[in-house]
Structure formats: C-alpha cells, structure tokens
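Heads up: the structure comes next, in structure tokens.
The values are calculated or read from the model by the stated rules, or taken from the named source; none is laboratory data. Being a predicted model, the structure only gives us computed values, none of them experimental. Reconstructed Cβ throughout: ideal geometry from the backbone, glycine too, with neighbour counts over all protein chains shown. Ligands, DNA and RNA are excluded from the accessible area calculation, which covers all protein heavy atoms including side chains. Shrake-Rupley method; radii C 1.70, N 1.55, O 1.52, S 1.80 Å.
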Amino acid sequence: MRLASRLSLPLLLTLAACAQPTVTTTAPPAEQQLDPELVAMYAELPDGDVTIPAIPPKWLSERNKRREVDYWTDEKPGTIIVDPFARYLYLVEPNNRAMRYGVAVGEEGRGFSGEATIPFTREWPRWTPTQNMIKEDPEQYGPVAGGMEGGLQNPLGARTLYLFRGGKDTFYRIHGTANPWSIGQATSAGCIRLYNQDIVDLHERVKPGAHVVVLTEAETGKGTVPPGTPLPPVDYAETLAASNPGATAATMSPGQ
C-alpha cells in the first residue's frame, strides 16, 4: 500500500532534526559468512523509477535483520515503538509479536521521547538543510541550500514517516538512509534511520494516523520480556560488536 499517494498534507521542507550524519566510518568488517536469507532480504530492490542498491554484505548482520519477535505491550497492533538506546524499532502485531527493525540513531533521535502520531508519509521525499546547518558546514550543505530532490543520495532515503504531537510537527522523522554502515549505531546527527529496504517494508505496513511511542533510556528493553520480568541490561559494547564488527565501543556510547 502506498500511503503517500493518498495523502496531500503539506510537506515541511526545512528539517531541523534529520541531517545527513557526519561520515566517520570505521574500517569495514572482515568478510563473514552470511545467511542466504539475510542477503536476499537486502538485495537490490526495484522501486518505481529507482532501483535501491543491495546492501553490501560487509554492512549486514543477523542482529539488524528484519524479523518477527516476541514482544509484550499493551499498545495496539499497528503501533510503532522506537527503542533509541537499543537501536531497534518495533511494529506491534497481534498475540504478543512485533516486526523488529535495526535502526541508526542520531543525537536528535536520542533526545526525543514520548508519544506522537504519523499523519502522513512521503516516498522519496525532498530535503532542505536548515540555515544553521549551512552556516556551520557551508562546504557540505551550501551546494544543496536550495533543496535536494528525492533520490539515492538524499539523507531521508526511500521513505519518510513524519511525527506530529498535538497537531504540530515534532521535526522527528523515521526514514531511510544512504549510509547502510550506520545501521545499529549511534551517529552524530539525524533521527531514526533504517536500511532503505526496511523503510520500504515498514512504510507498506503503516496505517494513516499510526501511534508512535519513543522509549526513554530508562525504558530500554521494555516489551522484550514478559510483564513483571526485570528489564534486561543493555550491553552497548555487545550491541556494537553484533551490529558492526568494524566499529569501536566508543561509537556506541549512549551519550555520544
């Protein structure tokens, strides 16, 4: 289902919260044996006039693979629950299940929590840097000061879900990314980013007006264990190692 074709709400072009992340990649992880199902899930994906490239195997991991998992919550099916500090997004399903996606989280993504709704979405959205971004980094953002059309290099990726609270734009976005190496990590900027293959999948499942819950750091892990069970501690170093063998523990610091 393509929600964007049904909705005609105005798109705010100046996005304060979802900037292109600073590219500070570590050395690519060593070659690894991957499950063929994982490779196929993130293979090249035709999408209208655009073909989304396959995710290079060196940036894939079982940890970030899209999958159904057990998930205990009182939220209704169709609700999106974001756990920024565990680097996961859950789409609630019936019978204590959820579809789980690995995500990348920028500083802005870790600074937002609470509830919101998604009144509209966009496919291959246009993006415009803010004046502050242009002033702080004119070399990077000056050439696109007038805006960047949707496409493979656009920071918002293949789809964007816009979050509103009380009828007002929060400037918080759930979107795709042109930087697949970042998935599962904390980055210097941006909101909540998914592999382009995953944001396309999520977009197909999301209903207009979907409810969103963004967990705080104290709530990390909520829903992953049955009610009444203590929340599991988050081992950031272990999460990092499983997500990207080429990165360092410092990259995953929740305070970064």
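Taking residues in the stretch 62-81 that are within 19 Å of S113 (Cβ to Cβ) and open to solvent by 30 Å² or more (accessible area, probe 1.4 Å), and partners anywhere that are at pLDDT 95 or above and part of a loop (DSSP other than H, G, I, E, B), the pairs with Cβ atoms closer than 9 Å and at least 6 places apart or on different chains are T73/T79; T73/N96; T73/K222; T73/G223; E75/G223.
Scanning the stretch 218-231 for residues that are surrounded by 13 or more Cβ atoms within 10 Å (Cβ to Cβ) and free of Cβ contacts under 8 Å to residues at least 40 places away in the same chain turns up just one, L231. On the stretch given as the stretch 109-120, residues that are surrounded by 14 or more Cβ atoms within 10 Å (Cβ to Cβ) and assigned to a strand (DSSP E or B) total 5. The condition of being within 20 Å of the chain's Cα centre (by Cα) and assigned to a helix (DSSP H, G or I) holds for only one of L89, L38, that being L38. Here P125, P129 are screened, and the one residue that is over 26 Å from H211 (Cα atoms) and in contact with a Leu (Cβ under 9 Å, 6 or more places away or on another chain) is P129.
Residues that are under 30 Å from D70 (Cβ atoms) and modelled with pLDDT of 90 or more occur in the stretch 120-142; there is at least one.
Within the stretch 206-229, the set of residues being more than 19 Å from the chain's Cα centre (by Cα) and not hydroxyl-bearing (S, T, Y) comprises A218, V225, P226, P227, G228.
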